[in-house]
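Everything on this sheet refers to the single structure shown next.
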Amino acid sequence: MNFKIFLTALFCCISHALFSSEGLHRLRVDGKQVPQGLHNTEPKFSWQIESDAFNVMQMAYRVIVSKDSVFSKNAIVWDSNKVPSSHTDVQYKGDSLVSNQTYYWKVMVWTTEAAIAPLEGQSNWTTGLFGHEQWKAKWITQQKEDNIARKIPYFRHVFDIRKKVKDARLYITSKGMYEPYLNGTRIGNDYFTPGWTVYDKRIQYQVYDIKELVNDSNVLSVTVGHGWFRSDLVWKEANDHYGHQLALKAQVMLTYEDGTTDIIPTGPDWEYGFGPIIDSEIYHGEIYDANRERDDWYGPSGRPEGLKKVLLDTTDNIPLVGTENNPVRKQERFQPKIIKTSDGKQVLDFGQNLVGWIECKLKGNKGDTVKIKHAEILDKNGRFYTENLRAAKQTNTYILNGSQDKIYHPHFTFQGFRYALVEGLEEINVNDFEAVALYSDMEQTGYFETSNPLVNQLQHNIVWGQKGNFIDVPTDCPQRDERLGWTGDAQVFFNTASYNMDVKSFFEKWLKDLALEQRADGAVPYIVPNLLDENAFASAGWADAATIIPWNHYVTYGDKDILSTQYPSMKKWVDYIRNRAQDHLWKDGFHFGDWLFYRPDDDNDGMAAVTNKYLIAQCFYARSVEILAKSAEILGYREDAIAYGELLEEVKEAFQKEYLTNNGMLVSDTQTAYVLALQFEMLPEDKISVTMDRLVANIEKYDMHLTTGFLGTPYLNPVLSRYGRTDIAIKLLLQDTYPSWLYPVKMGATTIWERWDGIKPDGSTQTPNMNSYNHYAYGAIGEWMYSTILGLKANEDHPGYTNFTVKPLFSDEFTRAKGSYMSPQGNIVVDWKRESNGLQMELKVPVNSKAELVLPYIQNHRYIINGKEATPKTGQKDETDLVFLELGSGTYNIESQKL
Ligand code: RAM
């Protein structure tokens, strides 16, 4: 046999063996793969089952947790025993878990295929520090004058180890952002740690396995920058939001082979000095003087000059909590090309509006200063455009030390940019520059591609809007002096975000902060974490993030815990509105309304799509009440379920009396008004069709353009599809003149813009006061693209994709859509092609779930699934004549065939 053929044959055998058998995959603890320092005494174990067989369901599971990897009898701390259940996530219910320990867990799963011999998988995790008393470390800070001078301290501690080490872990957090080094090597690959939480109520800590880095003699050095703790934040150029003192708290926890332990904590014996980072501000960038780098800093021999004694920071005792979401990490890299602007400047173009920083090799003489400025666009005249950054300087400054191959990047800052202007270099060599995207390390779960390249670019832009704005918290924009956790933006984008990436823990963390920031009367702030004043609360559609995100999260991930954790917060918010409402009408307070809706400059004809803000508020009031009532039902709070169910009827009735005419017109005759009323079911049955007609007429009035702002946009196409007008929804999607989704795409956008006309048709830019080119809100159309073009949709009654709908789009505008989604049960693959009048499709349904397949009725055709004629489940669902089939796990080839 020819060697190549042999190898191919061998590979086929191996891959067959690997991929054809059943197995357990993606073993996770609290959604994380082998987490370190998990701060949960009752973590959740989850897994997925892979199988080639059809209709496989889990019949039972058994989880065993042990202190040793061999699961010896006396090391076992929990054995669930065999539990008949299809659940693939199970909460720990064993002996109390001990801090700073490695635990091993294994799961056995019996399925309809593997009914006798179970499938097995094994993994582990380490626990965090469960009690305050476990922290021997003290908060340390620099001397008062250095804090006042806003210096960046480099903390340093030398320690020896005299025994053989079995385990070594670093527990660490800061007030500010930190970067830790052990013996000169950076610890871990996380950035912007400890992440952004409501720092006056809780600060996260991180845990790193440092066993490979420890020596007999060690230097632990940690730089602490301003971070969100004390950078300039909010457009008022105000800093020190959480305090005046940068501080560090850390302890190395050693377990020796002889079973003894040691702790090396931060305390009065630590020292600090200063280094090359002179300043580093989130909005403004970093100043780095390479001449201040000190070789003796990281080595244990020798002692750098000028070290100072630390002070203890005794100002407060903020609770420390474990890290809840995945930290920010380095992601994609981009190589630039050099372009010349119309005013003769050499500018680097990275081809993508991204968030992170530039890594560069700066060659020059000792003492030379190089400045790197960042911008999102070039203006109409082809010049580097930074006006829309407002007060954010977005500039990194490097003072060179003459070394020719040092790689620079900033530390406690990030920039939103596509273009960079480099000043102070004699010659610019493109190969010396690389942009690195940084964002919370979420797994990309969804992919999606269609036969329309502009729609594909739109999807690309949506994903990059998400990458650029999921920097530990969901922000509105990543470039100007804002970058804040606007609740409304997160609310409208959640469903799209959760198709694209695994945002489960990202939002669990943020929602806890939302609850912490709620005012005593239940009002929810405009931004979370909140840095605005006591009046910046309770705007409809923004504050409803408190109810809408937990609900959507539950539907997507199927984890009831999000509802039970958030329930008090959800209820407080609904009760806030109830207390403000009169006769069940919510008509007070400030509201952003349908933010950034369409309005022409000259509005003599009244074409501005202004929707009454209280009409909007009433719709969101109803939605929040409805979610609360449903959540109460699920959690078994019967009384609440009944009471809020009744309230919902009153709220809707009040809406109809106040805002609906007898002829089905709403007092605001706008797309957003109709869309919200239809989406949230505010109307009596007999008014639905007339309001739908009015909505369609309104779209036609604007010559097939949308006019919606932040609150109407997410529901516009979903409402059209829900009530049978996907044809109009497609026209809106494919519209490419302003205002539309594809207009920015045609203008060369690589992310979603804040405004429909961020760059106007004549090339001029919108007001620099508020004009971001990386703002995900309008990207909320992504949800409809997944659910209606690709045709994949979660089912509210079977959350977590245990049951989902697949309904390929059958329209002349698209000939193909292909995508996949890593659901909690496993990967779902949908790939359909429209050929002449027929349909061909591949579908993969994961184990333990079922797909409801909805196919278009095609005259004189039948459907063949995996070679056999398919029998429709119920035949007909509505007038569009759809065929319904329920498919269990497996891979299906589906084809329409002419009779
Ligand atoms: C601006 C941004 C943000 C929006 C608020 C109301 O700051 O557009 O996205 O939520 O206004």
**Asked** Can you name the residue in the stretch 852-898 that is surrounded by 18 or more Cβ atoms within 10 Å (Cβ to Cβ), of a type in the set (Gly, Ala, Ser) and more than 21 Å from THR802 (Cα to Cα) and is also modelled with the lowest pLDDT among such residues?
**Response** ALA870
**The listed residue being among the charged types (D, E, K, R) and within 30 Å of ASN461 (Cα to Cα), out of LYS345, LYS406** = LYS345
**Unmet requirement for GLY800, which otherwise passes all of (1) small (Gly, Ala, Ser); (2) within 20 Å of MET692 (Cα to Cα); (3) not in a helix (DSSP H, G or I)** = (2)
**Complete:** Contact list, first residue from the stretch 226-238 and within 12 Å of PRO529 (Cβ to Cβ), second anywhere and in a loop (DSSP other than H, G, I, E, B) and of a type in the set (A, V, I, L, M), beta-carbon distance below 6 Å, six or more apart or interchain, is LEU233/LEU531; VAL234/LEU531
**Whichever residue in the stretch 467-491 is β-branched (Val, Ile, Thr) and within 11 Å of the ligand (Cβ to nearest atom) and, among such residues, is farthest from the chain's Cα centre (by Cα)** = THR487
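Please specify each residue of the stretch 752-765 satisfying the condition of being touching a residue at least 40 places away in the same chain (Cβ under 8 Å) and either among the polar types (S, T, N, Q) or within 14 Å of the ligand (Cβ to nearest atom) (or both). It would help to see each step written out before you state the result.
Our first condition is that a residue be touching a residue at least 40 places away in the same chain (Cβ under 8 Å); within the stretch 752-765, this holds for 752, 754-756, 759, 762-765.
Hits for the stretch 752-765 are ILE752, GLU754, ARG755, TRP756, SER764, THR765.
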**Message:** Against the definition (within 16 Å of the ligand (Cβ to nearest atom) and either within 27 Å of PRO478 (Cβ to Cβ) or surrounded by fewer than 23 Cβ atoms within 10 Å (Cβ to Cβ) (or both)), how does PRO768 come out, yes or no?
**Reply:** yes
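How many of the residues making up the stretch 170-209 are charged (D, E, K, R) and in a loop (DSSP other than H, G, I, E, B)? Reasoning before the result, please.
First, pick out the residues of the stretch 170-209 that are charged (D, E, K, R): 175, 179, 186, 190, 200-202, 209.
From the residues that got through so far, the ones that are in a loop (DSSP other than H, G, I, E, B) too are 190, 200-202.
Qualifying residue count for the region: 4.
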**Residues (outside any helix (DSSP H, G or I) and under 23 Å from THR386 (Cβ atoms)) located in the stretch 766-797** = GLN766, THR767, PRO768, ASN769, MET770, ASN771, SER772, TYR773, ASN774, HIS775, TYR776
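Do the conditions hold for ASP544, that is, is it within 16 Å of the ligand (Cβ to nearest atom) and out of contact with any helix residue (DSSP H, G or I) (no Cβ under 9 Å at 6 or more places or on another chain)?
So ASP544 does not fit the description; no.
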**Fill in**
The residue that is farthest from ASP349 (Cα to Cα), considering only those in the stretch 749-785 that are touching a strand residue (DSSP E or B) at 6+ places or on another chain (Cβ under 9 Å) and hydrophobic (A, V, I, L, M, F, W, C), is MET785
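For every residue, the table says whether it meets (1) over 30 Å from PRO799 (Cα atoms); (2) modelled with pLDDT of 95 or more.
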| site | (1), (2) |
| --- | --- |
| TYR104 | no, yes |
| TRP110 | no, yes |
| GLU133 | yes, no |
| LYS136 | yes, yes |
| TYR154 | yes, yes |
| ARG169 | yes, yes |
**Asked** Only one of ALA780, ALA729, ALA749 is in contact with a Pro (Cβ under 6 Å, 6 or more places away or on another chain) and either more than 16 Å from the ligand (Cβ to nearest atom) or of a type in the set (Gly, Ala, Ser) (or both); which?
**Response** ALA780
**Request:** Hey, can you tell me all the residues within the stretch 492-507 that are within 16 Å of the ligand (Cβ to nearest atom) and in contact with a His (Cβ under 8 Å, 6 or more places away or on another chain)?
**Result:** PHE494
**Prompt:** Is there any pair with a first residue in the stretch 465-489 that is at positive phi and a second that is more than 10 Å from the ligand (Cβ to nearest atom) and part of a loop (DSSP other than H, G, I, E, B) whose Cβ atoms are under 8 Å apart and which are 6 or more apart or on different chains, and what are they?
**Reply:** ASP472/PHE192; ASP472/GLY195; ASP472/TRP196; ASP472/ASN325; ASP472/PRO327; ARG483/ILE282; ARG483/TYR283
**Conditions (1) touching a strand residue (DSSP E or B) at 6+ places or on another chain (Cβ under 6 Å); (2) within 16 Å of the ligand (Cβ to nearest atom): number failed by PHE710** = (1)
**Residues satisfying the stated conditions in the stretch 746-760, i.e. in a loop (DSSP other than H, G, I, E, B) and surrounded by fewer than 20 Cβ atoms within 10 Å (Cβ to Cβ)** = MET747, GLY748, ASP757, LYS760
**Prompt:** Is it fair to say LEU458 is touching a residue at least 60 places away in the same chain (Cβ under 8 Å), more than 16 Å from the ligand (Cβ to nearest atom) and farther than 26 Å from LYS818 by Cβ?
**Reply:** no
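Considering only the stretch 309-384, give the strands (runs of 3 or more DSSP E) lying wholly within it that have at least 1 residues that are more than 21 Å from THR750 (Cβ to Cβ) and touching a residue at least 40 places away in the same chain (Cβ under 8 Å). Working first, answer last.
Values: elements: 328-334, 337-340, 346-361, 369-375.
Once the strands (runs of 3 or more DSSP E) in the stretch 309-384 are filtered for at least 1 residues that are more than 21 Å from THR750 (Cβ to Cβ) and touching a residue at least 40 places away in the same chain (Cβ under 8 Å), what remains is 328-334, 346-361, 369-375.
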**Unmet criterion (only one of (1) without any contact (Cβ under 8 Å) to a residue 12 or more places away in the chain; (2) in contact with a strand residue (DSSP E or B) (Cβ under 8 Å, 6 or more places away or on another chain)) for PRO525** = (1)
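Consider TYR743 carefully, then state whether it is within 24 Å of ASP349 (Cβ to Cβ) and part of a helix (DSSP H, G or I).
Here the answer is yes, as TYR743 does meet what is asked.
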**Prompt:** Of (1) touching a helix residue (DSSP H, G or I) at 6+ places or on another chain (Cβ under 9 Å); (2) outside any strand (DSSP E or B); (3) modelled with pLDDT of 95 or more; (4) surrounded by fewer than 21 Cβ atoms within 10 Å (Cβ to Cβ), LYS818 satisfies all except one. Which?
**Reply:** (2)
**Within the stretch 522-541, considering residues that are in a loop (DSSP other than H, G, I, E, B) and within 11 Å of the ligand (Cβ to nearest atom), the one surrounded by the fewest Cβ atoms within 10 Å (Cβ to Cβ)** = LEU532
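The values are calculated or read from the model by the stated rules, or taken from the named source; none is laboratory data. Only a predicted model underlies this, so the values are computations on that prediction, with no experimental measurement involved. Note: ideal-geometry Cβ built from the backbone for every residue, glycine included; neighbour counts use all protein chains shown.
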